[in-house]
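These notes concern the structure reproduced below.
Values in this text are rule-based calculations from the coordinates and carry no lab data. Computed from a predicted structure; not experimentally measured. Ideal geometry is used to build each Cβ from the backbone, glycine not excepted, and the neighbour counts take in all protein chains shown.
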Amino acid sequence: MPHIGKRAVISGIGWTEYSHMSGRSVEALAVEACRAALEDAGLTSRDADGIITFGLQDTVSSAVVATDLAMPVVNHYADYNAGGNMACGVVLHAAMAVEAGQAQHVIVFRALNGATGLRYGGADFSNVLATTSIHSDSEPQFLDSCGVTMPLQHFALLCRRHMIKFGTTTDHLAAVAISGRSYAKLNERAMKQEALTLDDYYASPLIADPFRRADCCLQTDGACAVVVSAADVANDLRQRAIQIASGVSRTGPRARGGMWGNFWDDHTFSYAHHTVPGIFDRAGVSAADIDLAQLYDCFTYSVLAQFEDFGFCKKGEAGPFFAEGRAMLGGELPVNTAGGLLSEGYIHGLNLVVEAVIQLRREAGRRQVIGAETALVSAGGATSTGSALVLARR
Amino acid sequence: MDMAPPSPLSAPFWGGLEEGVLRTQRCEACLKLRFYPTESCPFCASTNFIWRSLSGNGHIYSWIVVYRSSDPAWQARTPYIPAIVEINEQEGVLIPGLLVGLEPSQVRDGLPVKAIFTRSNGRAIHRWTPTIDI
């Protein structure tokens, strides 16, 4: 089994305010988050020699940010035209760059004005998907033409299959939203900190049945960043280094289609099904060793599919798991401990990596998972493509 | 509610709708049907294919009921029901389309449907409609 070794770590993390209106450029947000991550690590921009980002026509390039940071040299850079399915993949890329000797300190950032700029729930985003090779030319021809023009509609179609096959209910979806919010109340960064009850959930308007507004992630202005460093130099830095124990970007056959994949064999399974056992084997752990999980929650249902596919329970059992509160603080497996994309904010999944590092450094305050040693972070929702990381405090 | 133009690859599908028939590609190597139109067979990678006419019959595989859309033209049509239909000819071959002729609360998994043909934006387009009394 190929091994993404033990030599790359996350040495620093940084973020901006997550808000409905930053009043600032995406570039300014990116630079602030990157500076914060470097400072957290005890580095300056003169130490960083790699930079990676991803986005969908809504970000700034790595070269712009490297210039703003006055990085003396960029030994490795990459710019992905990609969605949230790469939010862990970019960290994996940075780790591989470090392990291959391409660079020593690689900044990974995501910055967007997702509330005041390009809105992923908006009509302009449909056009981006249709015209920038995120989708094939088939989605606009055959899905847009029957009114499937928004990401939530794709995911609602996937959710319906899970409901049909496993009896998943809207109460289960609500439980995911409520569970995430229970942590957001303890997170000063979270955009949604007010309580969420089952009544609140059902008072939320139907957007595309079975999804209500409360099933959908936030639209956020903000940025976050992590610094991936070679372990042998990270030992001398300011923070406890968090090991990148394994990473994968892996999927199964016929994964064509960014969201609703018309050729996918079984729409109740996500890419995550295809990351196992590699994601755990390479880290030298099993699913039972995971102390907390940050699962990409673009929509409530995405969490259920991934939770099952990573093997934390059998297919069809994730809904009851959440409904019984077993993903909440003190439960068997805490999930989305900052509130996730549904309640903390939507930095396109990279904020889930940040939260995993905070937990493993045991700096999460009132939402701290006691004794957290090993975390899974995922990126990709309930679709056919995605990526994941196992991070470890060692 | 702009409709994306047919591509050279998909033109026979849209041309079929003008004639009131659903068509998919069939691989000439492994004989499997496929949809959407693709350059090569996703099962065996053969680039040889023909276009085959379908019965137009299938059943509901997944559906949603849209109440709010960010697209003003679609918002004006809410509520509407995009459906994914598995065709009778081959398991796993899925053709999206609007489901019409019933109320949102009447949609069920596996509901038998057939293609009907109408026009939108000056082009032929298919819809799905139940073949049984609801």
Expected integer from the mean partner chain Cβ neighbour count at 10 Å over B:67-76 is 6
Scalar couplings 3J(HN,Hα) for the range A:255-262 by Karplus 6.51 cos²θ - 1.76 cosθ + 1.60 (θ = phi - 60°), nearest whole Hz, x for Gly and Pro, are 8, 3, x, x, 10, 5, x, 5
Helix A:151-166 sits off the longest principal axis of the Cα atoms of chain A, rounded to the nearest 10 on a 0 to 90 degree scale, by 60
Relative contact order as a percentage, the range A:223-329, C-alpha pairs under 8 Å and 6+ apart, gives 19
Largest first and rounded to whole Å, the semi-axes √(5λ) derived from the alpha carbon gyration tensor of the range A:289-384 read 19, 16, 11
Sorted by number, the cysteines in the protein assembly as shown with no other cysteine beta-carbon under 4.7 Å are A:Cys34, A:Cys88, A:Cys146, A:Cys159, A:Cys216, A:Cys217, A:Cys224, A:Cys298, A:Cys313
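Using Cβ contacts closer than 10 Å as the measure, can you line up A:Ser229, A:Ser19 from fewest to most?
A:Ser19, A:Ser229
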Residues meeting the amide H criterion for A:Tyr80 (H placed from the backbone, H to H distance under 5 Å, 5 or more places apart or on another chain) are A:Thr53, A:Phe54, A:Gly55
Between A:Leu292 and residues 5 or more places away or on another chain, the pairs with built amide H atoms under 5 Å apart involve A:Thr374, A:Leu376
Put in order of increasing Cβ neighbours within 10 Å, starting from the fewest, B:Met3, A:Met86, A:Met163, A:Met191 give B:Met3, A:Met163, A:Met191, A:Met86
Helix-only [θ] at 222 nm, chain B, -39500 (n - 2.57) per DSSP H run of 4+, per residue, nearest 500, equals -2000 deg cm²/dmol
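Order these by the 10 Å Cβ neighbour count, fewest first: A:His162, A:His273.
A:His273, A:His162
Could you tell me which of rounded, prolate or oblate describes the range A:204-286, using a ≥ b ≥ c as the square roots of the eigenvalues of the alpha-carbon gyration tensor, with rounded for a/c under 1.5 and, failing that, prolate when a/b is larger than b/c and oblate otherwise?
The shape class here is oblate.
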Links exceeding 28 Å between C-alpha atoms in this model, out of B:Lys32/B:Lys114; A:Lys192/A:Lys315; A:Lys192/A:Lys314, come to A:Lys192/A:Lys315; A:Lys192/A:Lys314
HN-Hα couplings for the range A:357-365 via Karplus (6.51, -1.76, 1.60; θ = phi - 60°), in whole Hz with x for Gly/Pro, come out as 5, 4, 5, 6, 7, 6, 10, 8, x
So, relative contact order of chain A in percent, Cα under 8 Å, 6 or more apart, is 25
Rounded to one decimal in nm, the spacing of the 7 Å Cα→Cβ label points at B:Asn57 and B:Thr131 is 0.3
The helix A:170-184 Cα axis meets the longest alpha-carbon principal axis of chain A at an angle in degrees, between 0 and 90 and rounded to 10, of 30
The set of residues whose placed amide H lies less than 5 Å from the amide H of B:Val85, leaving out same-chain residues fewer than 5 positions away, is B:Tyr61, B:Ile95, B:Gly97
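Under the rule of -39500 (n - 2.57) per DSSP H run of 4 or more residues, summed and divided by the residues of chain A, what mean residue ellipticity at 222 nm is obtained, to the nearest 500 deg cm²/dmol?
Numbers: 13 runs with 119 residues, N = 394.
Calculated mean residue ellipticity at 222 nm is -8500 deg cm²/dmol.
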Percent relative contact order for the range B:11-130, counting Cα pairs under 8 Å at least six residues apart, stands at 23
If one compares the long axis through the Cα atoms of helix A:89-99 with the longest principal axis of the Cα atoms of chain A, the angle in degrees, nearest 10, works out at 30
In order over the range B:51-56: 3J(HN,Hα) from phi, Karplus 6.51/-1.76/1.60, θ = phi - 60°, whole Hz, x for each Gly or Pro, gives 9, 10, 6, 10, 5, x
